[in-house]
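Note sheet for the following structure.
The values are calculated or read from the model by the stated rules, or taken from the named source; none is laboratory data. Everything numeric here is computed off the predicted structure, so don't read it as measured data. A quick note on method: Cβ atoms are made from the backbone with ideal geometry, for glycine too, and the neighbour counts reach across all protein chains shown. Please note that ligands, DNA and RNA were not included when accessible areas were found on the heavy atoms of the full protein model with its side chains. Shrake-Rupley method; radii C 1.70, N 1.55, O 1.52, S 1.80 Å.
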Amino acid sequence: MATILSPIIRQKKGTYQQLFKDLNSEGFARVRVNGEIYRTDEEVVLDRYKKHDIEAVIDRLAPSQDRSRLVEACENALRKSEGLLLVMDSEGKDYLYSSNMACPFAG
């Protein structure tokens, strides 16, 4: 099972309460905050002065499932994060990809 994520916030400070509400209203059911997955309709309390990573969970699917579903999930993730895509495999390892022809880590 693989999880397709869209990195929205990368190492920035803040509480991001409005972001969670916006994601919920856009139809995203889950987010991953600092490595933990939460529902967008529950309250996530973040320390205002610490850096956070927030990713929207686009889809969870098995690689053997419908290819068109995988392509659609990847396109949605790239569109939401303006060119970045994060794939978490079944073992919890992350793979970060960029469509901007640039290093996804250093820019």
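One chain, two ends: E36 and K50. Fully extended at 0.36 nm per residue, the span grows by 3.5 nm beyond their Cα-Cα distance. L5 contributes about 0 Å² of solvent-accessible surface, heavy atoms of the protein only, 1.4 Å probe. Computed on protein heavy atoms with a 1.4 Å probe, the accessible areas place E55, E91, E75 in the order E91, E75, E55, largest first. One entry in (i) 49, 27, 23; (ii) 40, 31, 26; (iii) 35, 32, 24 is Cα extents along the principal axes in Å calculated from the shown coordinates; its label is (ii). Magnitude of the charge dipole for the chain, about its Cα centre and with charges confined to Cβ atoms of Lys, Arg (+1) and Asp, Glu (-1), is about 320 debye.
In summary, the lysines within cross-link reach of K50, defined as a Cα separation below 21 angstrom excluding same-chain residues under 8 places away, comprise K12, K13, K21. Would you mind checking the range 77-95 for residues with the amide N under 15 Å from a putative spin-label position 7 Å along Cα→C-beta of M1? Counting only backbone N, you get 88-93. With every protein chain in place and a 1.4 angstrom probe, the accessible-area ranking of K13, K80, largest first, reads K13, K80. Computed from the Cβ-Cβ distance with R0 of 22 Å, the FRET efficiency linking E43 to D22 stands at 0.90. Note on the range 66-101 and the range 29-60: Cα centroid distance 17 Å, given to the nearest whole angstrom.
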